[in-house]
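Q: Got a structure for you, questions after.
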Amino acid sequence: MKKITIAAAVAVIAVAVTAYASPYYTLHQIKTALAERNADALAAHVDFPALRASVKTQLEASMARSIEATAGSGNPLAALGQSIASAMLGKMVDTMVSPAGVVALVNKSAVSPQAEPNPDAPADGARKKADYSAGYAGLNTFIVRAKDGNAQEGALVLLRHGVWGWKLSSIEIASAMAAR
């Protein structure tokens, strides 16, 4: 009886440890897919409908703030321009948030191992390791934030799918990019 109890305890601990470590493993798989520029492998770890909705919402909010600041709230042409731009934005986001588009988008972030090299980097081809923090923001949410100096800008949000599965479901656009 004692052996069964010990085996059950070990099994429960093993399940808990693997469930806790699963987003880190998914992040490793995403980084590997990016390094290999393998869009199909990356697509397996992305929830495209949720990612499209997230990017579209953020870009529409940024566009609305920009139009509001430029034209003011009482301008009827601003509202017309915003509705036309929103329609175009939807098609642009649908194209951008595809397996190949996500590879291109994330490759431009500091989180990616393929980030553009710093002009001050050594000329021998050695790249500075990407600087980021990763951790749980809740039981079913895991956030990876790129660090830029002292400030943290932008984030990749992974949501739990099942016990061990995680998918990239949102990209929080850095404030500098969203302000454009």
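Q: For labels at ALA69 and THR5 in the simple 7 Å Cα→Cβ model, what's the distance in nm?
A: Modelled inter-label distance: 6.5 nm.
Q: Shifting gears a bit: Can you give the net charge of the other residues whose Cβ lies under 13 Å from the Cβ of VAL10, counting K and R as +1 and D and E as -1?
A: Numbers: positive: LYS2, LYS3; negative: none.
Its environment carries a net charge of +2.
Q: So, one more: Mind listing the long-range amide H neighbours of ASP131? Cut-off is under 5 Å, sequence gap 5 or more, other chains count too, H placed in the peptide plane at 1.01 Å from N.
A: LYS147
Q: Same structure again: In nm, to one decimal, how far is the modelled label at ALA14 from the one at GLU36, with both set 7 Å along Cα→Cβ?
A: 2.7 nm
Q: Would you mind checking which residues have amide H under 5 Å from HIS161's amide H? H placed 1.01 Å from N; only 5 or more apart, or other chain.
A: Hits under the 5 Å cutoff: TRP166, LYS167.
Q: Separate question: If the limit is 29 Å between Cα atoms, which of LYS2/LYS167; LYS91/LYS147; LYS147/LYS167 go over it? Kindly include the intermediate steps, with their values, before the conclusion.
A: Values: LYS2/LYS167 39 Å; LYS91/LYS147 31 Å; LYS147/LYS167 22 Å.
Check vs 29 Å cut-off fails for LYS2/LYS167; LYS91/LYS147.
Q: Tell me the Kirkwood hydrodynamic radius of region 1-65 in angstroms, computed as one over the mean inverse distance between distinct C-alpha pairs.
A: Values: mean 1/r = 0.0655 Å⁻¹.
Computed over region 1-65, the radius equals 15.3 Å.
The numbers here are math on the coordinates, done by the rules we state, and not lab data. What you see is a predicted model, and the numbers here were worked out from it, not measured in a lab. Ideal geometry is used to build each Cβ from the backbone, glycine not excepted, and the neighbour counts take in all protein chains shown.
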